[in-house]
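J.: Sharing a structure here in structure tokens format.
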Amino acid sequence: MPLKAGAGSGGKHTPKIDVKHVARLAMLKLEDGEAEKMQRELQSILEHMEELFSLDVKGVEPSFGSFDGAELRLFPDEVRAGLCRNEFLRGVPAVRDSYVMVPRTGQEQGSPRKNNEIEGEWRARDGR
Amino acid sequence: MGDNALWNMKASALLELMTAGEVSATEVVEAFLDRISEVEPKVGAFLEVMREEGLAQARRIDKLRQSGEYPGLLGGLPVAVKDNICVAGARCTSGSRMLANWIAPYDATVVRALKEQGAVIIGKTNMDEFAMGSSTENSALGLTRNPWDPRRVPGGSSGGSAAAVAAGEVPLALGSDTGGSVRQPAAFTGVTGLKPTYGRVSRYGLVAFASSLDQIGPIAADVKDVCLLMDVISGFDERDSTSEDRPVPSYSRVLSKSARGLKAGVPKECLTQGVSRGVRECFERALEILEDLGIGIKETSLPMIRYALDCYYIIAPAEASSNLSRFDGVRYGLRAEAKSLEEMYMRTRRNFGPEVRRRIMLGTFALSAGYYDAYYLRAAKVRTLIRRDFKRAFEEFDILLSPTTPTTAFLLGERTQDPLSMYMADVLTVPANLAGLPALSVPCGFEDVPSGGNGEKETLRRLPVGLQITGRPFDEETVLCAGYAFYQAVAAAVEAELTCMRKGLGQVG
Amino acid sequence: MPESALNEGRAIPEDLEMVVGLEVHVELLTKSKMFCRCSTRFGDPPNSNVCPVCLGLPGSLPVVNREAVRLAVIAALALNCRVNPRSRFARKNYFYPDLPKGYQISQYEEPLAVGGYVMIPGPPPKKIRIRRLHLEEDAGKSMHAGEDITRAAYSLLDFNRCGVPLIEIVSEPDICSPEEARQYLEELRRILEFTGVSDVKMEEGSMRVDSNVSLRRLGQERLGALVELKNLNSFRAVVRALTYEKDRQSRILAAGGTVLRETRGWDESLEITVPLRLKETSEDYRYFPDPDLHPLVLSEEWLEKVRREMPPLPEEKRGYYVNVLGIPAYDAGILTSSRKLSEFFDECVSRGADPKVASNWILSELLGYMNSRGLGLDAIPTSPEFLVKLIRLIDKGVISGRIAKDILAKMCETGRDPEEIVREEGLQQVTDEAFLVRVIDEVIAENPSAVEGIKKGRSKAIAFLVGQVMKKTGGRANPELVNIIIKSKLE
């Protein structure tokens, strides 16, 4: 096993991780100071994986699951009862009129699929 | 209180007593609930004890028995469930602040099966946050101690389930095993745990960590009790596309089979992985016992498993980074208030603990543009090489043997500052997950370590050691058969220590 | 030169050609969702068709809808694609509130089908190649509430559509004009509707279009900077947006500028495209095979079965109408312009109507009625059964063709049975000779000049008298009989 606890050897295959970019992708916010610590830790973990690069994997089929030749099973198109609405909405942090409510995105046109959205004024139903 | 206390009995024995009408399910459940009240302050295995629901279910079982109806395979037996497995109406925290107040609205398939077979679910057990860890120290919601030594970790991530069984708080428990999370804590706490073949047990209702590696597995005091749970939780589930539709044997029945004549391989790579002297000695004695039982033992080699840990720490975080994206505060769980969506996401996801954040980062990196081929894809290819090694070995051998862990339980806080040293605890268990194979950890002896009290007189602590038996895919039978035969040979010694430990735990002070 | 002249006056260089590729998302016509068994019904109350799976609750797992796979395979075959015997689902990772799992299950490196094409009529006819066709799940719907002073801006989410099965059809950049794009989409829509893959209603979002647009000098291979267009919610929007883009990009190039590689949206109200500010991270979707789903393996037998049971394509049907039923090619083209229309016609024929007669009634009268009122076939309450009855009434001489047109209009308005209309409104043809003779005598008495004309051999005068009789009988007199009686009286 190539992993040994301790400082990394600074291997030649390990790139410098752009932790800020990765954190943005992962929707994680790294506070000041945390980024450097994360950088160090990840870097050292990756450096300990250097030995993986010494393996010749040319022509090897990747395994994405746990066994060979497994095939997907398909299920009939029958509607079955799911969660009742109250059961679902009870656990939702913010609800309005049976909709799940979230703050609006700061980058409004940032959706990769904006054409799936309904734009428009929504008015709260007046309960009184 | 003594050797004959209900809480010190195994599930199979309790079942006999209940079936014979000598004791009621209510009495059994009460005995364990009392035991929990008594020792839980020292162990901290549970995040939630379901006292009322448990007693109500026990009374239902008693009524069924009284009216002559069959109460199911587990009729009246208390079972603890790891807190990443959904029980409808109960909190399911996964050891995370993110889900600290989330009530699961549905039963996991295994939980449904337990209920159908008359099990009494009496609590949810502590775990490393989202099952990421090997000591249960990454739980955001509580500290679990090793019943054998309160200064030590119970292992993880199913540390709560293993500690609860070891402490006599429950006879049966469910854990989940992604890289050793059932077997490693079972070994650390001197109980038995099985990671079934990938696809043998439904994952529906198990909060996903790494989907291609996760399996739910039973933890109990001995192999026979593990079989009892396997008989209930195994089998195809149409809600889990990765569960396999193939016949499930009665595991309890295979125990009557002889292990004589089985061929066992000992991969030489497994003994060079920082295995401590005490563990090695126990393992070598175990090999002698197995030989005496008529099992042929031969050294073999799995050259690729030296890459298993690296491979695992790319694949598991990669899958986890995606699986944990759903914790965004939108539909359930914790939400941090914020003015914009992005701020809400970030502030909500700050509630992941440090290890979870680290793995999300690692996994996100491994999948990101420019690094996918070098990391994720390469790891997936190495996984193929590891699986080939096992396939080759199983052409010659029926089972493979190794210690479950390189060391016995380490001290609380000993490895929390160094993620890599924590990762090393999984070095012998991850290969079975990468290859999807069934693997059992069964107690095989003890290592004596200095107790190291503060200025007190130096005494020795007995810490349990686990023997790992790995088998062919879907051949849990052979693994359990060998494990049972082996355990029969050491049971008296192991159980004497266990009972002694349990008694000590109950004493005040 | 004033600016307006620059903007409007300068001609677009003629050697610039458009290169367009379309990505079309189509909802599949299944009862339940792609990965769970929640209903796909449109228009239900918000968050009522949901379950742990489509909400991405912890612990839930996807299971694949067989019918969705079957429909996607039908679409692939109908679009002449090669169906991969083995494909794979992959996760597309990004954060958006209407995407519950934080990833969309789609297909990436191993799609369901590749390498198809669609023929567009032109002129000249042209082959538009299809690069790939894959299965995926839809997201939920976000409604953005307007800002006001008292309340922070927020979005409201409905997860009913979340998990509805989609296919994405990606064309090669073979489309060279807005008109070709429109034809390609019309063809796609027709084929997918005909084969029962989708109801392809753009207004309900069951067909959605994104586009890649660039320009190149005629005959040159190299493409210019690619502009992605989103928000194209109608065929009209596609045509307008592409026309606008061609114009915009041409002007930039003509002025010596550079077209930026960017994503733009079509603003329906302003009729312009505007740049969309995309998150800088949204481009890295970190696709990887979904570990919850094994590879999708389709056996040759199953594919063969799907192929065998496939509904006929529009071309096949058109050929049948022309060659077997003897319908003129042009009419057959109209009859096969939509599945519903051709099915309406098929049912008339299978109920025994003469194909040509039925076709004429459908094309001239039924479509005339629909077009004049802007209605679709769905909105017309009548049925093939009633149209065939109407045709029978004419054949049997119960009603005249003229009356029949009025009856059809009534059928289309009310959905009533034509026999009932005839009975209740007394619209049967009058063949009672005694009655007709009385009316004819009156008409002869009232029109002496016409009678003179007939005696002089003017045949038009007979027609005039017949017309007068028809008028007096409210169109119900049998015109042939009237003709005979008049002739016998005056000749």
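The values are calculated or read from the model by the stated rules, or taken from the named source; none is laboratory data. It should be emphasised that the depicted structure is a prediction, and the values quoted were computed from it without experimental measurement. Reconstructed Cβ throughout: ideal geometry from the backbone, glycine too, with neighbour counts over all protein chains shown. All accessible areas refer to the heavy atoms of the entire protein, side chains included, with ligands and DNA or RNA removed. Shrake-Rupley method; radii C 1.70, N 1.55, O 1.52, S 1.80 Å.
J.: Between chains A and B, what is the buried accessible area in Å², counting both sides, with a 1.4 Å probe and ligands, DNA and RNA left out, to the nearest 100? Mind dumping the intermediate values first?
T.: On the way: alone 12820 and 19840 Å², together 26530 Å².
Buried area (both sides, nearest 100 Å²): 6100 Å².
J.: A further question on this structure: Going by Cα centres, region B:225-283 and region B:161-199 are how many Å apart?
T.: Comparing the Cα centres of region B:225-283 and region B:161-199, I get a distance of 13 Å.
J.: Additional query: With r as the distance between the Cβ atoms of C:MET119 and C:SER383 and R0 = 35 Å, compute the FRET efficiency 1/(1 + (r/R0)^6) and round to 0.05. Walk me through the numbers on the way to the answer.
T.: On the way: r = 33 Å, r/R0 = 0.95.
The formula returns an efficiency of 0.60 here.
J.: Ballpark to the nearest 100 Å², how much total accessible area do C and B bury together, probe 1.4 Å? Could the numbers behind the result be given before it?
T.: Numbers: alone 25350 and 19840 Å², together 42330 Å².
The buried area between C and B, both sides summed, comes to about 2900 Å².
J.: Moving on. Along region C:42-57, what does the Karplus equation 6.51 cos²θ - 1.76 cosθ + 1.60 (θ = phi - 60°) give for ³J(HN,Hα), rounded to whole Hz, x for Gly and Pro?
T.: Ordered by residue, 3J(HN,Hα) equals 8, x, 6, x, x, 6, 9, 9, 9, 8, x, 6, 6, 8, x, 5 Hz.
J.: May I ask which of B:LYS42/B:LYS124; B:LYS298/B:LYS391; C:LYS101/C:LYS230 have a Cα-Cα span longer than 21 Å here?
T.: Details: B:LYS42/B:LYS124 17 Å; B:LYS298/B:LYS391 17 Å; C:LYS101/C:LYS230 24 Å.
Beyond 21 Å between Cα atoms: C:LYS101/C:LYS230.
J.: A follow-up question, please. Kindly report, to the nearest 10 Å², the accessible surface of C:GLU315 as traced by a 1.4 Å probe over protein heavy atoms only.
T.: 80 Å²
J.: Something else now. Quick one: with all protein chains in place, what share of the accessible area of chain B is carbon or sulfur, to the nearest percent (1.4 Å probe)? All intermediate terms of the calculation are to be shown ahead of the outcome.
T.: On the way: 7670 of 15650 Å².
Carbon-and-sulfur percentage of accessible area, whole number: 49.
J.: Looking at B:VAL23, B:GLY160, B:TYR423, which one has the Cα that reaches farthest to the positive end of the dipole of chain B (charges on Cβ: Lys, Arg +1; Asp, Glu -1)?
T.: Going by the Cα projections, it comes out as B:TYR423.
J.: Relative to the present Cα-Cα distance, how much length would full extension add between C:GLU179 and C:SER234 at 0.36 nm per residue of separation? Before the final figure, lay out the partial values.
T.: On the way: separation 55, 0.36 × 55 = 19.80 nm, distance 1.37 nm.
Working it through step by step, the gained length comes to 18.4 nm.
J.: With a 1.4 Å probe and every protein chain left in place, tell me how much accessible area C:PHE35 has, in Å² to the nearest 10.
T.: The value for C:PHE35 is about 10 Å².
J.: Under 14 Å Cα to Cα from C:LYS389, which aspartates and glutamates show up? Leave out anything in the same chain fewer than 8 places away.
T.: C:GLU347, C:ASP354, C:ASP417, C:GLU419, C:GLU420
J.: What is the spin-label model distance, in nm, from C:LYS405 to C:GLU268 if the labels are put 7 Å beyond Cα along the C-beta direction?
T.: Taking the two extended label points, one gets 3.8 nm.
J.: Moving on to the next point. Pairs to check: A:LYS29/C:LYS92; C:LYS92/C:LYS127; A:LYS37/B:LYS381; C:LYS92/C:LYS126. Give those whose C-alpha atoms are more than 24 Å from each other in this structure. List each step's numbers first, then the result.
T.: Working: A:LYS29/C:LYS92 21 Å; C:LYS92/C:LYS127 31 Å; A:LYS37/B:LYS381 30 Å; C:LYS92/C:LYS126 34 Å.
As for pairs spanning more than 24 Å Cα to Cα, those are C:LYS92/C:LYS127; A:LYS37/B:LYS381; C:LYS92/C:LYS126.
J.: Tell me, what is the 1.4 Å probe accessible area of B:CYS227, in Å² to the nearest 10?
T.: It works out to around 0 Å².
J.: Calculate, in nm to one decimal, what B:ALA336 and B:SER256 gain on full extension: separation in residues at 0.36 nm each, minus their alpha carbon distance.
T.: Details: separation 80, 0.36 × 80 = 28.80 nm, distance 5.60 nm.
Going from the current span to full extension adds 23.2 nm.
J.: Might you report the magnitude of the Cβ-based charge dipole of the protein assembly as shown about its Cα centre, with Lys and Arg at +1 and Asp and Glu at -1, to the nearest 20 debye? Display every interim value, and only then the final one.
T.: On the way: 146 positive and 157 negative charges, 246 e Å.
So the magnitude is around 1180 debye.
J.: While we're looking at this one, here's another question. Hey, got the average number of other protein chain Cβ atoms within 10 angstrom for residues in B:340-353?
T.: Details: counts 9, 14, 10, 3, 6, 10, 6, 1, 2, 6, 4, 0, 2, 0.
Mean shielding by partner chains, rounded to a whole number: 5.
J.: Ok, one more. Can you tell me the accessible area per residue over chain B, all protein chains present, probe 1.4 angstrom, in square angstrom?
T.: Working: 15650 Å² over 509 residues.
Per residue, chain B has an accessible area of 31 Å².
J.: Summing both sides, how much accessible area is buried between A and C? Use a 1.4 Å probe and give Å² to the nearest 100.
T.: 5700 Å²
J.: Counting only protein heavy atoms and a 1.4 Å probe, tell me what percentage of chain C's accessible area is made up of carbon and sulfur.
T.: Numbers: 10830 of 21290 Å².
The nonpolar share, carbon plus sulfur, comes to 51 percent.
J.: Considering only DSSP beta bridges whose two residues both sit in chain C, what percent are antiparallel, to the nearest 5? Spell out each step's value before the answer.
T.: Numbers: 54 of 59 bridges.
Here the antiparallel bridges make up roughly 90 percent for chain C.
J.: So for the protein assembly as shown, taking the charge dipole from beta-carbon charges (+1 Lys/Arg, -1 Asp/Glu), which of B:GLY72, B:SER322, B:ALA210 sits furthest toward the positive end?
T.: Most positive-ward Cα: B:SER322.
J.: Ranked by accessible surface with a 1.4 Å probe, highest first, in what order do C:ASP292, B:ASP373, A:ASP32 come?
T.: Values: C:ASP292 5, B:ASP373 100, A:ASP32 155 Å².
So, going from the largest accessible area down, we get A:ASP32, B:ASP373, C:ASP292.
J.: Say R0 is 56 Å: what FRET efficiency, to the nearest 0.05, do C:GLN220 and B:LYS298 get from their beta-carbon distance? Display every interim value, and only then the final one.
T.: Details: r = 70 Å, r/R0 = 1.24.
Step by step, r from the Cβ atoms, then E = 0.20.
J.: Pull out a ≥ b ≥ c, the square roots of the eigenvalues of the alpha-carbon gyration tensor of region C:323-425, then state rounded if a/c is under 1.5, prolate if not and a/b is larger than b/c, and oblate in the remaining case. Write out the running numbers ahead of the final one.
T.: Values: a/c = 1.89, a/b = 1.30, b/c = 1.45.
Taking the square roots of the gyration eigenvalues as a ≥ b ≥ c, region C:323-425 is oblate.
J.: What nm distance separates the two modelled labels at B:ALA492 and B:ASP373, each placed 7 Å from Cα along Cα→Cβ?
T.: Placing both labels 7 Å along Cα→Cβ, they lie 6.4 nm apart.
J.: Turning to a different aspect of this structure: Rounded, prolate or oblate for chain B? Axes are the square roots of the Cα gyration tensor eigenvalues, ordered a ≥ b ≥ c, and the cut-off for rounded is a/c under 1.5. Don't jump to the answer; show the numbers that get you there.
T.: On the way: a/c = 1.31, a/b = 1.06, b/c = 1.23.
The shape class here is rounded.
J.: With charges set only on the Cβ (+1 for Lys and Arg, -1 for Asp and Glu), what does the dipole of region C:433-490 come to about its Cα centre, in debye to the nearest 20? Walk me through the intermediate numbers first.
T.: Values: 10 positive and 6 negative charges, 39 e Å.
Computed charge dipole of region C:433-490: roughly 180 debye.
J.: Could you work out how far the C-alpha centroid of region B:1-71 sits from that of region C:445-491, in angstrom?
T.: Cα centroid to Cα centroid, the span is 106 Å.
J.: For an R0 of 35 angstrom, estimate the FRET efficiency from the Cβ-Cβ distance between C:LYS455 and C:GLU424 and round to the nearest 0.05. If you can, show how the numbers build up before the last one.
T.: Numbers: r = 42 Å, r/R0 = 1.21.
Using R0 = 35 Å, I get an efficiency of 0.25.
J.: Further question on the same structure: In region B:292-337, which residues become less accessible by 40 Å² or more once every protein chain is in place, relative to the chain on its own, using a 1.4 Å probe?
T.: When all protein chains are present, B:ARG306, B:TYR307, B:ASP310, B:SER322, B:SER325, B:ARG326, B:VAL330, B:ARG331, B:TYR332, B:ARG335 each give up 40 Å² or more of accessible surface.
J.: Let me ask something else about it. Can you compute the helix-only [θ] at 222 nm over chain B? Use -39500 (n - 2.57) per DSSP H run of at least 4 residues, normalise by all residues, nearest 500 deg cm²/dmol. All intermediate terms of the calculation are to be shown ahead of the outcome.
T.: Working: 16 runs with 198 residues, N = 509.
Value at 222 nm, helices only, nearest 500: -12000 deg cm²/dmol.
J.: Residues of region C:323-425: accessible area per residue at 1.4 Å, in Å²? Let's see the in-between values first.
T.: Working: 4940 Å² over 103 residues.
Accessible area per residue, region C:323-425: 48 Å².
J.: With the crude spin-label approximation of a point 7 Å out along Cα→Cβ, what separation in nm comes out for B:ARG350 versus C:ALA445?
T.: 10.5 nm
J.: Based on the mean of other beta carbon atoms within 10 Å per residue, what is the order of B:152-165, C:447-460, most packed first?
T.: Values: B:152-165: 34.1, C:447-460: 12.9.
Packing proxy ranking, top to bottom: B:152-165, C:447-460.
J.: Here's something else I'd like to know. Of B:LYS195/B:LYS224; C:LYS405/C:LYS487; C:LYS33/C:LYS201; C:LYS405/C:LYS489; C:LYS456/C:LYS487, which sit over 20 Å apart, Cα to Cα? Walk me through the numbers before you get to the answer.
T.: Details: B:LYS195/B:LYS224 15 Å; C:LYS405/C:LYS487 28 Å; C:LYS33/C:LYS201 18 Å; C:LYS405/C:LYS489 31 Å; C:LYS456/C:LYS487 13 Å.
Check vs 20 Å cut-off fails for C:LYS405/C:LYS487; C:LYS405/C:LYS489.
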